[in-house]
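The values are calculated or read from the model by the stated rules, or taken from the named source; none is laboratory data. Quick caveat, the model's predicted, so the values are computed rather than measured. Glycine also receives a Cβ, built like all others from the backbone with ideal geometry; neighbour counts cover every protein chain displayed. For the accessible areas, the whole protein counts, side chains as well, though only heavy atoms, and no ligand, DNA or RNA atoms are used. Shrake-Rupley method; radii C 1.70, N 1.55, O 1.52, S 1.80 Å.
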Amino acid sequence: MQAVVAALVAAGALPAAIDRSRVLVEPPRDPSHGDLATNAAMVLAKDAGRKPRDLAEEIAAKLRADDWVAKVDIAGPGFINLTLKPQVWRAALGAAVAAGPDYAHGTAGGPPVNVEYVSANPTGPMHVGHCRGAVFGDALANLLAFAGRPVTREYYINDAGAQVDVLARSAFLRYREALGEDIGPIPEGLYPGDYLVPVGQALAEKFGAALRQQPESAWLAEVRQIAIDMMMGMIRDDLAALNVRHDVFFSERSLIEGAEGAKTGDQVGATIATLRAEGKVYEGRLPPPKGAPPEDWEDREQTLFRATDFGDDIDRPLKKSDGSYTYFASDIAYHKNKVARGFDDLIDVWGADHGGYIKRMQAAVKAVSDGRAALDVKIVQLVKLLRAGQPVKMSKRAGDFVTLREVVDEVGKDAVRFMMLYRKNDAVLDFDLAKVIEQSRDNPVFYVQYGHARGQSIFRNAREVLPDLPEDPKDWAARAALLAGASLDRLDDPGELALMRAVAQFPRLVEAAAVAHEPHRIAFYLYDLASAFHGQYTRGGKDSPHLRFIIQDDPQLTLARLALVQGVITVLSVGLGLLGVEAPDEMR
RNA sequence: GCGCUCGUAGCUCAGCUGGAUAGAGCAUCAGACUUCGAAUCUGAGGGUCGGCGGUUCGAAUCCGUCCGAGCGCGCCA
């Protein structure tokens with residue numbers, strides 16, 4: 001397209017200085033308009049001082065000369081619709097089959113990117129509320145990595161706040177219990193969950209009765225660390241059950257107290273000092289919050305980050321009244337640490353309740369990187385857990401919540417992952433435990449997986465016609481070698497062409513989804529592809545047996561159609577892989 | 001009071017970053033099983049894209065303003 005515009009400029013039909021940036025070429029929404037559409041004539045007409053339709057005629061004439069173009073139409077206010085020759089799609093299918101698992105790989109490279117997700121407090125097992133962010137972050141990281149960017153997956157362990165001291169005290173109580181003491185009901189303010197019982201037992205085994213009569217100051221740090229380590233072990237197991245993984249588990253405490261060996265010292269204090277030297281931190285006063293002022297509001301001089309200089313609405317405090325750092329202060333130091341490790345591109349995945357935090361964190365990232373680094377915060381909205389349309393009630397009793405593990409055990413990780421991604425991340429999501437195990441079109445997980453299984457089933461059956469087919473469904477290379485000899489010219493049914501187009505579109509889709517940080521686009525695309533495939537499959541029914549994939553007396557045609565099936569299941573398999581969902585060879 | 005997010009078919013949601021007659025699934029109605037897996041498919045009806053203005057060749061999409069929902073608003077993380 002650009003070449004055509006250039007030619008027109010050269011021919012004097014268009015001014016040389018014309019702005020081409022708005023010229024787009026993309027598949028139209030309505031397939032009956034052709035394979036590609038461009039707005040070039042409309043966009044360029046004004047600057048050129050020409051009527052859009054006249055200009056369109058001129059451009060169309062050039063396009064008709066192209067080898068790949070079968071048809072050019074001008075429609076509406078000046079759209080130019082291109083229909084490509086089937087050879088284009090056949091070539092794309094051939095490429096997909098040949099590339100196998102690498103199809104669409106590396107479509108959108110770029111600098112290293114750091115994705116932080118989950119970062120649940122290490123005070124207990126993961127609950128359902130965590131799983132959406134976990135799945136989203138993991139799939140986004142998969143997507144970026146597959147698109148060709150070096151990705152680091154990170155978990156920030158909030159092991160420095162007051163809540164881990166509560167954890168330590170709760171664990172200590174279980175320790176006394178493990179030593180045979182009757183501890184009665186768990187006091188208000190401590191974590192009551194049974195998951196702390198093993199921690200108490202571990203403490204009892206390690207220390208015997210040694211800690212029992214000691215004051216809190218003597219045992220707090222050690223008990224805390226053991227409890228945190230055990231909680232993180234549980235969390236990692238929970239994440240593993242969801243097929244979520246991280247490369248780096250980063251401790252907040254290590255920022256404040258220094259990493260092992262204490263070489264790094266207090267990075268939070270150092271960060272504040274640096275910012276202060278740059279004039280980005282000052283001592284000052286804040287106005288009380290509007291609306292409902294807190295009872296204990298106290299107007300005092302405090303250490304503030306000049307967030308308003310970087311786009312935030314108000315400057316933000318860095319120290320509590322007792323002199324310790326606010327969570328925000330250590331978060332600044334943490335993000336500065338990420339920048340120092342070479343990441344100029346940061347992505348954080350947060351829950352909806354942290355929405356009010358985005359501006360200040362983006363301001364902080366700008367401040368600590370001199371504007372070089374950018375932070376994109378993806379908010380995942382609430383998940384409403386249902387069973388057959390009815391809300392799953394969580395008991396109000398503290399410590400009694402639905403754990404992530406319970407949900408995964410009930411419906412499986414594939415269903416959880418797919419459904420979490422079958423929605424935009426910033427829209428609330430209903431998750432119905434009854435529906436996701438249904439085996440019907442109403443359940444997208446099943447529907448897409450069934451598409452893959454059905455494709456593999458065709459290969460199993462096709463061995464009657466083509467005995468040379470490799471038996472192993474996972475041996476894509478052997479299949480690709482055989483299918484390379486297929487005469488793809490035999491694929492000329494409109495349904496087949498539509499499937500080829502869909503397969504050809506996948507690399508573009510991966511690129512767009514990666515750039516937009518939107519893994520849900522993959523899920524929707526896969527559903528559409530599965531739908532087109534199921535449709536073509538059923539078309540080869542009683543009325544049109546000649547459209548069946550396997551034609552008994554025509555091995556060559558069968559081979560060509562198997563190449564199409566292989567293209568489809570390649571994309572289904574790669575796409576499901578990005579989402580972290582299995583692509584089964586058969587449904588059971 | 002302020003900020004962020006959202007508002008699309010009866011229900012649950014897409015809409016490729018400004019394109020053509022706004023699309024799927026469920027539900028409703030009408031059809032297709034001596035089949036490579038009917039666990040599927042084909043078709044029909046159903047819409048002031050929350051309202052009103054603006055920007056332009058063109059708006060569900062961008063801007064303004066109302067209405068409605070959710071989340072947040074020193075020393076919780």
(message) Just the residues that are in contact with a Leu (Cβ under 9 Å, 6 or more places away or on another chain), under 24 Å from A:Ser254 (Cα atoms) and not in a strand (DSSP E or B), please, taken from the range A:131-158.
(response) A:Ala134
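Which one is nearest to the chain's Cα centre (by Cα), of the residues in the range A:303-323 that are within 7 Å of RNA strand B (Cβ to nearest atom) and closer than 19 Å to A:Ala162 by Cβ? Lay out the reasoning, then the answer.
In the first step, residues of the range A:303-323 are kept if they are within 7 Å of RNA strand B (Cβ to nearest atom); the result is A:313, A:316-317, A:320-322.
From what's left, closer than 19 Å to A:Ala162 by Cβ: A:317, A:320-322.
Numbers: A:Pro317: 32, A:Lys320: 35, A:Ser321: 39, A:Asp322: 39 Å.
Checked the range A:303-323; the qualifying residue nearest to the chain's Cα centre (by Cα) is A:Pro317.
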(request) For the range A:148-167, name all the residues that are of a type outside the set (Asp, Glu), in contact with an Asp or Glu (Cβ under 7 Å, 6 or more places away or on another chain) and more than 14 Å from RNA strand B (Cβ to nearest atom). (result) A:Thr152, A:Arg153
(request) Go through the residues of the range A:213-224 one by one and say whether even a single one is without any contact (Cβ under 8 Å) to a residue 12 or more places away in the chain, assigned to a loop (DSSP other than H, G, I, E, B) and closer than 30 Å to A:Asp315 by Cβ. (result) no
(message) Need the failing condition index for A:Ala498 against (1) more than 17 Å from the chain's Cα centre (by Cα); (2) open to solvent by 20 Å² or more (accessible area, probe 1.4 Å); (3) farther than 19 Å from A:Ala96 by Cα, just the number.
(response) (3)
(request) State the number of residues belonging to the range A:388-413 that are surrounded by fewer than 18 Cβ atoms within 10 Å (Cβ to Cβ) and at pLDDT 80 or above. (result) 5
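So that you can scan it fast, the table gives a plain yes or no per residue for (1) of a type outside the set (Phe, Trp, Tyr); (2) assigned to a helix (DSSP H, G or I); (3) closer than 30 Å to A:Pro519 by Cβ; (4) over 34 Å from the mean Cα position of the chain (by Cα):
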position	(1), (2), (3), (4)
A:Ile74	yes, no, no, yes
A:Ile80	yes, no, no, yes
A:Trp89	no, yes, yes, no
A:Ala98	yes, yes, yes, no
A:Pro122	yes, no, yes, no
(message) I want to confirm something. Restricting to the range A:517-544 and keeping residues that are more than 8 Å from RNA strand B (Cβ to nearest atom), part of a helix (DSSP H, G or I) and not small (Gly, Ala, Ser), which single residue is nearest to A:Ala141 (Cα to Cα)?
(response) A:Ile522
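Select from the range A:471-483 the residues that are open to solvent by less than 70 Å² (accessible area, probe 1.4 Å) and under 30 Å from A:Leu36 (Cβ atoms) and list them in ascending order. I'd like the intermediate steps shown before the answer.
Quick first cut of the range A:471-483, residues open to solvent by less than 70 Å² (accessible area, probe 1.4 Å) only: A:473, A:475, A:477-480, A:482-483.
A:Ala480, A:Leu483 - these are the residues of the range A:471-483 that are open to solvent by less than 70 Å² (accessible area, probe 1.4 Å) and under 30 Å from A:Leu36 (Cβ atoms).
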(message) With the structure loaded, tell me whether A:Ala273 is assigned to a helix (DSSP H, G or I), out of contact with any Lys or Arg (no Cβ under 9 Å at 6 or more places or on another chain) and loosely packed, with under 13 Cβ neighbours inside 10 Å or whether it fails that test.
(response) yes
(request) Test A:Pro86 against the stated conditions and say whether it is within 16 Å of RNA strand B (Cβ to nearest atom) and open to solvent by 30 Å² or more (accessible area, probe 1.4 Å). (result) no
(request) Among the residues of the range A:426-435, write down those that are more than 6 Å from RNA strand B (Cβ to nearest atom) and open to solvent by 10 Å² or more (accessible area, probe 1.4 Å). (result) A:Asp432, A:Ala434, A:Lys435
(request) Looking only at the range A:535-553, count how many residues are more than 16 Å from A:Arg454 (Cβ to Cβ) and without any contact (Cβ under 8 Å) to a residue 40 or more places away in the chain. (result) 6
(request) Go through the range A:332-367 residue by residue and tally those that are open to solvent by less than 10 Å² (accessible area, probe 1.4 Å), farther than 16 Å from A:Val115 by Cβ and touching a residue at least 60 places away in the same chain (Cβ under 8 Å). (result) 3
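Surrounded by fewer than 18 Cβ atoms within 10 Å (Cβ to Cβ), within 16 Å of RNA strand B (Cβ to nearest atom), modelled with pLDDT under 95 and of a type outside the set (D, E, K, R): which single residue out of A:Gly265, A:Gly184, A:Gly189 fits that description?
Only one candidate qualifies: A:Gly189.
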(message) Whether any residue in the range A:140-147 is within 15 Å of RNA strand B (Cβ to nearest atom), at pLDDT 95 or above and farther than 30 Å from A:Leu497 by Cα is what I want to check.
(response) yes
(request) Identify, from the list A:Ala486, A:Ala453, the residue that is of a type outside the set (Phe, Trp, Tyr) and either in a helix (DSSP H, G or I) or open to solvent by 30 Å² or more (accessible area, probe 1.4 Å) (or both). (result) A:Ala453
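With the requirement that a residue be over 18 Å from A:Trp350 (Cβ atoms), open to solvent by 10 Å² or more (accessible area, probe 1.4 Å) and either among the small types (Gly, Ala, Ser) or not in a helix (DSSP H, G or I) (or both), what does the range A:160-180 give you?
Within the range A:160-180, the first condition is being over 18 Å from A:Trp350 (Cβ atoms), and the residues that meet it are A:160, A:162, A:164-180.
From what is left, the residues that are open to solvent by 10 Å² or more (accessible area, probe 1.4 Å) are A:160, A:162, A:165-166, A:169, A:172-174, A:176-180.
Listed by number, the residues that qualify are A:Ala160, A:Ala162, A:Ala178, A:Leu179, A:Gly180.
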(request) Please go through the range A:569-588 and pick out each residue that is open to solvent by 40 Å² or more (accessible area, probe 1.4 Å), over 18 Å from A:Met420 (Cβ atoms) and either part of a helix (DSSP H, G or I) or more than 13 Å from RNA strand B (Cβ to nearest atom) (or both). (result) A:Ser573
